[in-house]
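Every number here is computed from the coordinates shown, using simple stated rules; none is lab data. This is a predicted model, so every value here is computed, not measured. Note that each Cβ is placed from the backbone with ideal geometry, even for glycine, and that neighbours are counted across all protein chains shown.
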Amino acid sequence: MKMACMFGFSKENKNKKDTVKKSDKPKKDGWIAKLKTGLNKSSSKLNEGIKDIFVRRTLDDETLEGLEDLLISADFGVETATTITSTLAKTKYDKEISPEEIKEILCKSIIEILEPVAKPLEITGEHKPQVILMCGVNGTGKTTTIGKLASNFKADGKSVMFAACDTFRAAAVEQLEVWSKRADCLIIKGEIEADPASVAYEAYQKAREENIDVLLVDTAGRLQNKKNLMEQLTKIVRVIKKIDESAPHNSIIVLDATTGQNANSQVKTFGEMVNLDGIIITKLDGTAKGGGVVSLAKQFTLPIHAIGIGESIQDLRPFDAKDFAESLVG
Ligand SMILES: Nc1nc2c(ncn2[C@@H]2O[C@H](COP(=O)(O)OP(=O)(O)OP(=O)(O)O)[C@@H](O)[C@H]2O)c(=O)[nH]1
Ligand SMILES: [Mg+2]
């Protein structure tokens with residue numbers, strides 16, 4: 001079952017959770033409903049647009065162009081929009097086509113783009129601790145996502161530690177402390193305005209001494225154009241590497257789904273600073289720009305590990321291509 005191995009759970013736990021498959025069903029319905037609500041704006045736009053364009057029911061240059069424009073305006077990005085419309089043109093050009101058929105083909109194309117990147121975040125056991133660095137611009141949901149991840153790892157029997165490397169604001173450390181209590185895990189923090197890299201170093205050493213399974217490193221939100229802050233992020237990575245060259249074992253960018261196309265530039269800039277190897281998308285329960293997720297998948301082919309669909313501890317789910325595409329197309 002998807003939920004069981006979503007964040008790389010152990011075999012025993014997988015089996016244990018598999019046995020509760022049936023009782024999980026209502027929960028799944030619940031979060032899909034949340035996802036659908038979040039994607040409602042995007043899916044209404046797509047549905048109304050498709051209905052308007054295909055009123056004449058033939059796929060020709062004009063309708064194709066209309067569809068391409070619609071996809072671009074729905075945040076899919078030019079490249080994705082062109083790919084989808086040319087796939088459609090190959091099989092259906094000059095043929096009669098209904099809005100329902102368009103939706104079906106669109107859904108299939110989206111699944112094809114998303115499926116290769118829908119990969120769970122795995123705790124492999126290869127490194128102890130597995131160091132997971134979380135980064136991103138201000139307010140995307142890094143700290144909250146760390147709390148949610150920790151809760152999942154703990155439920156799977158892993159020991160978890162937080163490194164509070166957002167040392168700019170006292171409130172940031174306090175927020176992470178609240179999550180450490182909720183998820184029942186350890187936290188290492190420095191003095192306020194301490195060098196975040198030194199906190200990361202200390203936490204990593206402590207986690208090794210205590211044989212911790214997962215070290216989650218919370219960093220301050222930073223705008224891509226703030227050079228010194230971006231350099232500070234690379235310093236955190238450099239210092240972590242002094243302990244183990246292969247760490248951090250995951251560098252994840254947290255993106256806010258309501259941002260749309262700007263998320264692509266965030267991935268690009270952070271990717272120049274740290275070796276990003278995964279994405280988590282939050283706020284898909286809000287008024288998300290769902291097309292943006294497809295655009296991200298197409299442009300970067302980075303794994304999308306999970307999605308946030310609310311503010312509470314249980315509101316993090318594995319990214320499922322089919323569920324997402326179906327909710328987006330409506
Ligand atoms: N609706 C919704 N809200 C979320 C989600 N994830 C986070 N939030 C909210 O977004 C706000 C910012 O979350 P934080 O976790 O503080 O974000 P951050 O990236 O750590 O912020 P900085 O440290 O200031 O950069 C909080 O109010 C969270 O509750 C989500 O999936 N859905
Ligand atoms: Mg934070």
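Scanning the stretch 319-330 turns up one or more residues that are assigned to a helix (DSSP H, G or I), touching a Lys or Arg at 6+ places or on another chain (Cβ under 6 Å), more than 18 Å from P116 (Cβ to Cβ) and not small (G, A, S). The set of residues in the stretch 180-197 that are in contact (Cβ under 8 Å) with a residue 40 or more places away in the chain and of a type outside the set (D, E, K, R) comprises A183, P196, A197. Mind checking whether some residue in the stretch 231-249 is in contact (Cβ under 8 Å) with a residue 40 or more places away in the chain, more than 16 Å from ligand 2 (Cβ to nearest atom) and under 16 Å from the mean Cα position of the chain (by Cα)? Taking every residue of the stretch 231-249 in turn, none turns out to be in contact (Cβ under 8 Å) with a residue 40 or more places away in the chain, more than 16 Å from ligand 2 (Cβ to nearest atom) and under 16 Å from the mean Cα position of the chain (by Cα). Screening G260 on (1) more than 16 Å from ligand 2 (Cβ to nearest atom); (2) part of a helix (DSSP H, G or I) shows it passes everything except condition (2). Within the stretch 75-110, the set of residues being over 17 Å from F54 (Cα atoms) and buried (at least 17 other Cβ atoms within 10 Å of the Cβ) comprises D75, F76, G77, T80, T83, S109, I110.
Name the residues in the stretch 56-74 that are within 16 Å of Q261 (Cβ to Cβ), out of contact with any Gly (no Cβ under 6 Å at 6 or more places or on another chain) and crowded, with 21+ Cβ neighbours inside 10 Å, would you?
First, the residues of the stretch 56-74 that are within 16 Å of Q261 (Cβ to Cβ): 68-74.
Checking which are out of contact with any Gly (no Cβ under 6 Å at 6 or more places or on another chain) leaves us with 68-69, 71-73.
Selection gives L71 alone.
For the stretch 255-274, give me the residue count where each residue is among the hydrophobic types (A, V, I, L, M, F, W, C) and closer than 17 Å to K298 by Cα.
Going through the stretch 255-274, the residues among the hydrophobic types (A, V, I, L, M, F, W, C) turn out to be 255, 257, 263, 267, 270, 273-274.
Okay, now just the ones that are also closer than 17 Å to K298 by Cα, so 255, 257, 263, 267.
So the count comes out to 4.
For T37, indicate whether it is within 17 Å of E104 (Cβ to Cβ) and either part of a strand (DSSP E or B) or not aromatic (F, W, Y) (or both). Criteria not met by T37.
Among residues of the stretch 198-219 being in contact (Cβ under 8 Å) with a residue 60 or more places away in the chain, assigned to a loop (DSSP other than H, G, I, E, B) and in contact with a Leu (Cβ under 8 Å, 6 or more places away or on another chain), the one that is nearest to E245 (Cα to Cα) is I212. Residues that are without any contact (Cβ under 8 Å) to a residue 40 or more places away in the chain and not aromatic (F, W, Y) do occur in the stretch 280-301.
So for the stretch 229-241 (the condition being farther than 20 Å from G308 by Cβ and in a loop (DSSP other than H, G, I, E, B)), does at least one residue qualify? Don't jump to the end; show me each part of the working.
Going residue by residue through the stretch 229-241, those that are farther than 20 Å from G308 by Cβ are 229-241.
The next check asks that each one be in a loop (DSSP other than H, G, I, E, B); those that pass are none.
Scanning the stretch 229-241, I find no residue that is farther than 20 Å from G308 by Cβ and in a loop (DSSP other than H, G, I, E, B), so the answer is no.
The residue that is nearest to K90 (Cα to Cα), among those in the stretch 42-64 that are among the hydrophobic types (A, V, I, L, M, F, W, C) and part of a helix (DSSP H, G or I), is L64. With respect to the conditions (1) over 23 Å from I240 (Cβ atoms); (2) within 16 Å of ligand 2 (Cβ to nearest atom), A150 falls short on a single one, namely (1). Check the stretch 303-311 and report whether any residue there is crowded, with 20+ Cβ neighbours inside 10 Å and assigned to a helix (DSSP H, G or I). The answer is no, given that none of the residues of the stretch 303-311 is crowded, with 20+ Cβ neighbours inside 10 Å and assigned to a helix (DSSP H, G or I).
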